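Everything on this sheet refers to the single structure shown next.
The values are calculated or read from the model by the stated rules, or taken from the named source; none is laboratory data. Small disclaimer: the values here were computed from a predicted structure and weren't measured. Here the Cβ positions follow ideal geometry from the backbone for every residue, glycine too, while neighbour counts run over all protein chains shown. Surface areas here come from the heavy atoms of the whole protein model, side chains and all, with no ligands, DNA or RNA. Shrake-Rupley method; radii C 1.70, N 1.55, O 1.52, S 1.80 Å.
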Amino acid sequence: MDLELSEEQRAVRTLAKDFVDREIAPHAAAWDRAESIDRGIVRRLGDLGFLGLTIPEEYGGCEGDHLAYCLVTEELGRGDSAVRGVLSVSLGLVAKTIAAWGSEEQKHRWLPGLTSGEALGCFGLTEPGTGSDAGSLTTRARRAPAGGDWTVDGGKTFITNGTWADVVLLFARTGDEPGHRGVTAFLVPADAPGLTRREIHGKLGLRGQATAELALDGVRVPDSARLGPVGKGFSVAMSALAKGRMSVAAGCVGIAQAALDAAVEYAGDREQFGRTIAHHQLVQELISDIAVDVDAARLLTWRVADLVDRGRPFATESSVAKLYASEAAVRAANNAVQVFGGYGFIDEFPVGKLLRDARVMTLYEGTSQIQKLVIGRALTGVSAF
Ligand code: FAD
């Protein structure tokens, strides 16, 4: 792997860095308190081409490789994880999956809006009764024996972008086979009759992002909205999540980098015992622990991007990166709070939000325990799920 970024990758990173410093970081605390980012930021992400990264130009994308995608995701994570999550879901889990599995009609219908930021996507897998064991989902899609439309009944929860989205990538049970084998994916317009959405408030972190419950009551979906073959929905979901975990890992690198930047700056300003706290060795230990986590998480994440770009298998490496980077982001943010002392506990300072936002990264797109089972299965050949 070549660790030297190309000229194009450096330019994308600089563009993202400047954008985050100017248009995201200064507002992150206010958006967090208001429990909503400025929705206009989504169009800005589209204007800058960030929502079209890795998507072919003929569908409104701007191509680019996965390392460039990770660089942008990292910068957004540094500025505000709530914004990063909007992109990771709409582009990372929905648009990329449509690009990989969709018919020409589906790609032309949805991708131009998703890449420009005119439209948003959400990923509807988790249900109230099925989280880690997503393959046992119970939302049902039934089709009349003679063919025709599907009718979907059920419910989803914890759906990022849920109330803002224009299209739901929805996973429903279509067969009687047990477990994940009977699952099929559909692209359901969010305004479909029978689909209702309710926002979930009171989250520990990612407060600027809309997280929703979806209820589906007799929602009619034409067969042309089916994404991928009948019964292959779980493969669609897992292929999306394998790349999604890389994106979460990149966002976590951003959180850890923000923790490092804040800790170094504060340690150089704050004086105790007659000199700045940067002079105290145990404060340097906290800072160097953060720095090691940033480097290790970044290298693991870049390795996944490199494997994806070279067309090599990457799913296990993506779980390794997500597991490490999410735990590292929590550690890094926690260490930064320690450097800030009591001020780290007050939301006038940025590090408390970093810790709250980091915490969910060890939970979604597969908890840390689930990542360990994925890695363990790859190493031993034994599934311990
Ligand atoms: P559970 O599966 O009930 O797990 C509870 C605990 O048991 C965890 O510690 C888990 O690790 C452990 N556990 C479970 N099974 C095992 C096992 N076999 N071995 C060892 N330990 C185990 N979902 C979507 O579909 N789309 C989204 O956009 C989305 N966004 C989200 C945004 C937020 C803010 C949050 C909080 C969640 C989001 N999720 C989304 C859902 C998320 O992916 C799930 O919360 C996650 O998969 C865990 O499921 P669960 O919460 O039901 O926990």
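Side notes on the structure shown:
- Sulfur and carbon atoms: percent of accessible area, the chain [1.4 Å]: 53 percent
- Label-point separation, Phe385 to Thr14 (7 Å along Cα→Cβ), nm: 4.5 nm
- Long pairs among Lys107/Lys203; Lys203/Lys232; Lys156/Lys353; Lys17/Lys372; Lys96/Lys232, criterion Cα-Cα beyond 22 Å: Lys107/Lys203; Lys203/Lys232; Lys156/Lys353; Lys17/Lys372
- Peptides 337-344, 78-85 ranked from most to least packed by the mean count of surrounding Cβ atoms within 10 Å: 78-85, 337-344.
- Computed [θ] at 222 nm, deg cm²/dmol, the chain (DSSP H ≥ 4; -39,500 (n - 2.57); rounded to nearest 500): -15500 deg cm²/dmol
- Each Lys and Arg adds +1 at its Cβ and each Asp and Glu adds -1 at its Cβ; summed about the Cα centre, segment 330-385 shows a dipole of about 260 debye.
- Helix screen, the chain: DSSP H segments with Cα axial length of 15 Å or more and mean Kyte-Doolittle hydropathy at least 0.5 are 233-269, 281-309.
- Sequence-separation-based contact order of segment 245-345, relative, with Cα cut under 8 Å and 6+ spacing, percent: 44 percent
- Dipole of the chain computed with +1 at Lys/Arg Cβ and -1 at Asp/Glu Cβ about the Cα centre; of Ala325, Gly124, Phe340, farthest Cα towards the positive end is Gly124.
- Length gained when the stretch Leu299-Thr276 is fully extended (0.36 nm per residue, less Cα-Cα span): 5.1 nm
- When you count the other C-beta atoms within 10 angstrom of each residue and take the mean per peptide, 99-108, 201-210 line up highest first as 201-210, 99-108.
- Cα centroid separation, segment 29-71 to segment 103-122: 13 Å.
- Using C-alpha pairs under 8 Å with a sequence gap of at least 6, the mean separation divided by the residue count of the chain gives a relative contact order of 16 percent.
- Rounded FRET efficiency, nearest 0.05, which uses the C-beta distance separating Thr130 from Ser103 and R0 of 30 Å: 0.60
- 1.4 Å probe accessible area per residue over segment 140-204, in Å²: 45 Å²
- Average accessible surface area per residue within segment 271-339, 1.4 Å rolling probe, Å²: 50 Å²
- Dipole of segment 130-169, positive direction: furthest Cα of Ala134, Ala146, Thr157, with charges on the beta-carbon: Ala146
- Centre separation in Å (Cα based) which lies between segment 147-179 and segment 356-385: 24 Å
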